[in-house]
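*Asks:* I am attaching a structure below and will ask some questions about it afterwards.
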Amino acid sequence: MKVQRFLARDRFPSLLERLEEAGYDVIGPQVRDHAIVFDTLPSVEALPRGVTDEQGPGHYRLAASHSGRYFDWANGPQALKPLTFVPRETLWTSKTRDDGTLVFREQPPEARPTAVIGVRACDLAALAIHDRHFLHGAEPDPHYRARRENLFLVAVNCSRSAATCFCTATGDGPRVRHGHDLALGELDDGFVVEAHTDRGRELLATLDTTEVTAEALDEVEAALERAAGQQHRRLPAGSLPDQLQAAVVHPHWQNLNDRCLTCGNCTAVCPTCFCQTHVDTLSLDGREAGHARQWETCFSPDHSYIHGTIIRAERPQRYRQWLTHKFGTWVEQFGRSGCVGCGRCIAWCPVGIDVTEELAALCQAPAPAPGQTPERAPSRAGDSATGDIPGRQEAGDD
């Protein structure tokens, strides 16, 4: 049962106080190094009040907002991913005893009750994808599960969209719908607060709130419609998995060779990518070792290394793997696209590659050269031109 109340702006600090009293470490958005990132939130004064963002292909800037609101911005480079699937963590250690025998110790998950304020709809959609992979498979990941079960999520309905946002095209925003405990609709004089879980309802009952007026609800709805109307990027119509499979030898892939740096920025900021690799460390005396898991990117040549061969040695092949998996074969794995329309990969690409433009180009049949007929796409069995199998998944592919 959804419960709605109104929390006046001058009572907003009590939300942080109640969360801290309930034993949560409170994390929220704040300005760090000219970007809005999630960090430990000492008080509401640390929130980016009066700050907005300007985003475009390869462009992210903060600017002054005249609204005086805390959440008058679209998103920053972070999502929830670093809080649940951390960039690097030790899974087990080993030590050599004096008699030469080895002792192995599993590293227990580190997880404290954590409340996150300012979560957006696109990031909740990404969290649901991670939940399906890390929690709902045959072998749930204990490290992810420990962090996930300790999260209390305070989401915020978007009242504005950046120029890079396209969550309306993926169906994931700007309204928060699921996966959170509380949802905020920010107005000039306060917040419409919705409780969606028992934990959320219990905490909401401890706040000094009032009845929600029809005018406040209308204002929240108008803000959501405005945010949706600000989005102009679209995805190609029709089945993207089928169109990308048909475009596996499209000449546009080679066009990306002159632009993509294979830096991995897009996968680092993507809230759904979860490629990983495992590394071992050894003490100077050789007696202690550690085995760690860390983020990886499919743009790295080593990611497709198998038994002396790099399967995707060329840059266009790596971009093709990422894009066709994200919008194509991901659907086969998880029943939906791997993109939630947050637009981070567009803003944080150093050369400004726009994924929506690349998809539009790839979904158009290439013009045949004079006197030639259009080239037929290879079968799903493989790509004889490159030796790369479309949609092939290696261990750890996101």
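The values are calculated or read from the model by the stated rules, or taken from the named source; none is laboratory data. This structure is a prediction, so every number in the text was calculated from the model and none was measured. A quick note on method: Cβ atoms are made from the backbone with ideal geometry, for glycine too, and the neighbour counts reach across all protein chains shown. For the accessible areas, the whole protein counts, side chains as well, though only heavy atoms, and no ligand, DNA or RNA atoms are used. Shrake-Rupley method; radii C 1.70, N 1.55, O 1.52, S 1.80 Å.
*Asks:* Restricting to segment 244-278, what's the tally of residues that are under 24 Å from the mean Cα position of the chain (by Cα) and under 28 Å from residue 131 (Cα atoms)? Don't jump to the end; show me each part of the working.
*Replies:* Of all residues in segment 244-278, those under 24 Å from the mean Cα position of the chain (by Cα) come to 244, 256, 259-278.
If we keep only those that are under 28 Å from residue 131 (Cα atoms) as well, we get 244, 262-278.
Residues in segment 244-278 being under 24 Å from the mean Cα position of the chain (by Cα) and under 28 Å from residue 131 (Cα atoms): 18 in total.
*Asks:* Which one is nearest to residue 337 (Cα to Cα), of the residues in segment 89-122 that are open to solvent by 20 Å² or more (accessible area, probe 1.4 Å), hydrophobic (A, V, I, L, M, F, W, C) and not in a loop (DSSP other than H, G, I, E, B)?
*Replies:* My answer is 91.
*Asks:* A further question on this structure: If residue 219 meets every condition in (1) assigned to a strand (DSSP E or B); (2) closer than 17 Å to residue 9 by Cβ apart from one, which number is that one?
*Replies:* If we test residue 219 against (1) assigned to a strand (DSSP E or B); (2) closer than 17 Å to residue 9 by Cβ, just (1) comes out false.
*Asks:* Could you check how many residues of segment 288-345 are touching a Pro at 6+ places or on another chain (Cβ under 6 Å) and of a type in the set (Phe, Trp, Tyr)?
*Replies:* Within segment 288-345, residues that are touching a Pro at 6+ places or on another chain (Cβ under 6 Å) and of a type in the set (Phe, Trp, Tyr) number 1.
*Asks:* Could you say which residue among 260, 266 is at pLDDT 95 or above, in contact with a helix residue (DSSP H, G or I) (Cβ under 6 Å, 6 or more places away or on another chain) and not acidic (Asp, Glu)? Don't jump to the end; show me each part of the working.
*Replies:* Details: 260 fails: at pLDDT 95 or above.
Testing whether each residue is at pLDDT 95 or above, in contact with a helix residue (DSSP H, G or I) (Cβ under 6 Å, 6 or more places away or on another chain) and not acidic (Asp, Glu) leaves just 266.
*Asks:* Looking at 306, 389, 353, 310, can you tell me which residue is hydrophobic (A, V, I, L, M, F, W, C) and modelled with pLDDT under 85?
*Replies:* Numbers: 306 fails: modelled with pLDDT under 85; 353 fails: modelled with pLDDT under 85; 310 fails: modelled with pLDDT under 85.
Checking each option against the conditions leaves just 389.
*Asks:* Another one. What's the total number of residues in segment 1-51 that are open to solvent by 20 Å² or more (accessible area, probe 1.4 Å) and not in a loop (DSSP other than H, G, I, E, B)?
*Replies:* Qualifying residue count, segment 1-51: 24.
*Asks:* As an exercise: evaluate residue 175 against (1) in contact with a Leu (Cβ under 6 Å, 6 or more places away or on another chain); (2) assigned to a strand (DSSP E or B) and give the number of the one condition it does not meet.
*Replies:* In the conditions (1) in contact with a Leu (Cβ under 6 Å, 6 or more places away or on another chain); (2) assigned to a strand (DSSP E or B), residue 175 misses (2) alone.
*Asks:* Could you list, in sequence order, all residues of segment 281-315 that are in a loop (DSSP other than H, G, I, E, B) and in contact with an Asp or Glu (Cβ under 7 Å, 6 or more places away or on another chain)?
*Replies:* Start the filter on segment 281-315 by keeping residues that are in a loop (DSSP other than H, G, I, E, B), which leaves 283-287, 296-300, 307-308, 311-314.
298, 311, 312 - these are the residues of segment 281-315 that are in a loop (DSSP other than H, G, I, E, B) and in contact with an Asp or Glu (Cβ under 7 Å, 6 or more places away or on another chain).
*Asks:* Only one of 138, 169 is touching a residue at least 12 places away in the same chain (Cβ under 8 Å) and among the small types (Gly, Ala, Ser). Can you tell me which?
*Replies:* Step by step, each of 138, 169 is checked, and only 169 is touching a residue at least 12 places away in the same chain (Cβ under 8 Å) and among the small types (Gly, Ala, Ser).
*Asks:* State all residues of segment 156-174 that are touching a strand residue (DSSP E or B) at 6+ places or on another chain (Cβ under 9 Å), open to solvent by 10 Å² or more (accessible area, probe 1.4 Å) and more than 16 Å from residue 339 (Cβ to Cβ); if no residue qualifies, say none. Steps first, answer last, please.
*Replies:* Kept after step one, since they are touching a strand residue (DSSP E or B) at 6+ places or on another chain (Cβ under 9 Å), are these residues of segment 156-174: 156-157, 159-160, 162-165.
From what's left, open to solvent by 10 Å² or more (accessible area, probe 1.4 Å): 157, 159-160, 163, 165.
157, 159, 160, 163 - these are the residues of segment 156-174 that are touching a strand residue (DSSP E or B) at 6+ places or on another chain (Cβ under 9 Å), open to solvent by 10 Å² or more (accessible area, probe 1.4 Å) and more than 16 Å from residue 339 (Cβ to Cβ).
*Asks:* (1) closer than 19 Å to residue 314 by Cα; (2) part of a strand (DSSP E or B); (3) not β-branched (Val, Ile, Thr): which one isn't true of residue 278, the others all being true?
*Replies:* (1)
*Asks:* To continue, here is another question. Consider residue 337 carefully, then state whether it is in contact with a Phe, Trp or Tyr (Cβ under 6 Å, 6 or more places away or on another chain), of a type outside the set (Lys, Arg) and either at pLDDT 95 or above or open to solvent by 20 Å² or more (accessible area, probe 1.4 Å) (or both). I'd like the intermediate steps shown before the answer.
*Replies:* Values: in contact with a Phe, Trp or Tyr (Cβ under 6 Å, 6 or more places away or on another chain): yes; of a type outside the set (Lys, Arg): yes; either at pLDDT 95 or above or open to solvent by 20 Å² or more (accessible area, probe 1.4 Å) (or both): yes.
So residue 337 fits the description; yes.
*Asks:* Report yes if residue 125 is within 15 Å of the chain's Cα centre (by Cα), modelled with pLDDT of 95 or more and open to solvent by less than 30 Å² (accessible area, probe 1.4 Å), otherwise no. Please lay out each step first, then the result.
*Replies:* Values: within 15 Å of the chain's Cα centre (by Cα): yes; modelled with pLDDT of 95 or more: yes; open to solvent by less than 30 Å² (accessible area, probe 1.4 Å): yes.
Judged against the criteria, residue 125 is a match.
*Asks:* Whether any residue in segment 132-151 is of a type in the set (D, E, K, R), in contact with a Cys (Cβ under 9 Å, 6 or more places away or on another chain) and either open to solvent by 20 Å² or more (accessible area, probe 1.4 Å) or outside any helix (DSSP H, G or I) (or both) is what I want to check.
*Replies:* Within segment 132-151, the first condition is being of a type in the set (D, E, K, R), and the residues that meet it are 132, 139, 141, 145, 147-149.
This time we only want the ones that are in contact with a Cys (Cβ under 9 Å, 6 or more places away or on another chain), so: none.
Within segment 132-151, none of the residues are of a type in the set (D, E, K, R), in contact with a Cys (Cβ under 9 Å, 6 or more places away or on another chain) and either open to solvent by 20 Å² or more (accessible area, probe 1.4 Å) or outside any helix (DSSP H, G or I) (or both).
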